[in-house]
1. Using a 1.4 Å probe on the protein chains only, how many percent of the accessible area of the chain belongs to carbon and sulfur?
2. What number comes out for accessible area per residue over segment 3-177 if the probe is 1.4 Å? Units Å², please.
3. Which ³J(HN,Hα) values, rounded to whole Hz and listed in residue order, are derived for segment 144-150 from phi using the Karplus coefficients 6.51, -1.76 and 1.60 in 6.51 cos²θ - 1.76 cosθ + 1.60 with θ = phi - 60°, glycine and proline given as x?
4. Given 4 °C and 1.567 mPa s, how large is the Stokes-Einstein diffusion coefficient of segment 232-272 in µm²/s, with Rh as the Kirkwood radius over Cα pairs?
5. Over the chain, what relative contact order in percent results from Cα pairs under 8 Å that are six or more residues apart?
6. Could you check the spin-label model distance between residue 264 and residue 93? Points 7 Å from the Cα along Cα→Cβ, value in nm.
7. Can you give the local net charge around residue 13? Use residues other than it whose beta-carbon is closer than 9 angstrom to its beta-carbon, Lys and Arg +1, Asp and Glu -1.
8. Given the options 74, 270, 303, which has the most mean-square fluctuation in a GNM of the chain, springs set between C-alpha atoms less than 10 angstrom apart?
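The values are calculated or read from the model by the stated rules, or taken from the named source; none is laboratory data. Keep in mind that what you see is a predicted model, and the values were worked out from it rather than measured. Note that each Cβ is placed from the backbone with ideal geometry, even for glycine, and that neighbours are counted across all protein chains shown. Accessible surface is based on the protein model in full, side chains and every heavy atom, while ligands, DNA and RNA are left aside. Shrake-Rupley method; radii C 1.70, N 1.55, O 1.52, S 1.80 Å.
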Amino acid sequence: MSDRDRDGAAAEAIAHPNIALAKYWGKRSFGHNLPAVPSLSVTLEGMATRTRVVLDAAATSDTFLLAGTVAPDAAKVRVVGLLHRVRQRAGSSLFARVESANDFPTSSGLASSASAFAALATAATAVYGVDASDAERSSLARKTSVSAARSVLGGFVELRAGIEGDVELAAVQLAPPEAWEVAIVVAATTRAAKETASTEGMAHTVATSPYHAAWVDYAPRVFEQAKAALAARDIEKMGDAVEASAFAMHADAIAARPTVVYWNPGTMAAIAEVRALRKGGLGVWATMDAGPHVKVLTRAADADRVRDAMRAVPGVVDAFIARPGAGSRILSDAASSSR
Ligand code: DP6
């Protein structure tokens, strides 16, 4: 396809956040944005990023609108980086207009970069006419944000650790969304944006935390437990791995100098409620990402009860149920010219 044919082409993609049941935290030192540890996640329906990419032969640079306003430079740099890789692959020199919107709070530890770059990799490859497999889109998204590699796939997803020599590294689906009747109850503990982005938080942790080597040694074992629990559909075993992974990751970050603490008082209150519910016999396990929200793994049949209990916790501003969902996909095709 030539740039003359591409001019005016548009594609829109949707992607969902994912929650890591076994966490990634820390990159390899040999470049290419490779994770130092394996991770296992579940992609969630109910929250979504929608991203539209339009190619414009008259444009002299890329533009990026987030929720209708010009995005901050730090966000734009990552978008342009991904677009540049797609242009190289496509042999194109056309700039793009990118419009993206989330239906959940951005940069608050609800994994907005994961759904954002999964959606962008999907829309951008389509609009530039690159016939990309799931693996190629996942690897492309991963080069910008590691967790985004996992949101390209639906359901339960694995991303192995990077090894020396890796350039392409993609996530793979372990089980489709309908394979296991579980739910994640998201207990939001603030409406504000987080203070330390995950990229910076983990780089600082790698550089200064005395616990980081222990984390890198420990995380693969917890990942293996999570993978075995998924294969056996054993939620008790998964829940144990989920909490082990989350608390070890945060211990690593908290030990950084100066400390990286993502939690607020609502986080602690929500964790206490999860423990109380579990003591009362409910199957509930807590996990937190690079933000103060608490995500609770539970059986689908118990999700309403868990949501109601989390809503009543002081410091929890909202709680909602998210079920396993699909990977990133095109909503409207590049074939439809926008002008
Ligand atoms: C705590 O994928 O946002 O959510 O690769 O630098 O973009 P970059 O970081 P990002 O980190 C996610 C960290 C986490 C755990 C996880 O999702 O595995």
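1. That fraction is 53 percent.
2. Working: 6130 Å² over 175 residues.
Accessible area per residue, segment 3-177: 35 Å².
3. For segment 144-150, the Karplus curve yields 9, 8, 4, 5, 5, 4, 7 Hz.
4. Working: Rh = 11.7 Å.
D, rounded to a whole number, is 111 µm²/s.
5. On the way: 828 pairs, mean separation 89.4, N = 339.
It comes to 26 percent, rounded to a whole number.
6. It works out to 4.9 nm between the two label points.
7. Working: positive: 50, 52, 329; negative: 12.
Its environment carries a net charge of +2.
8. Of 74, 270, 303, the most mobile in the Gaussian network model is 74.
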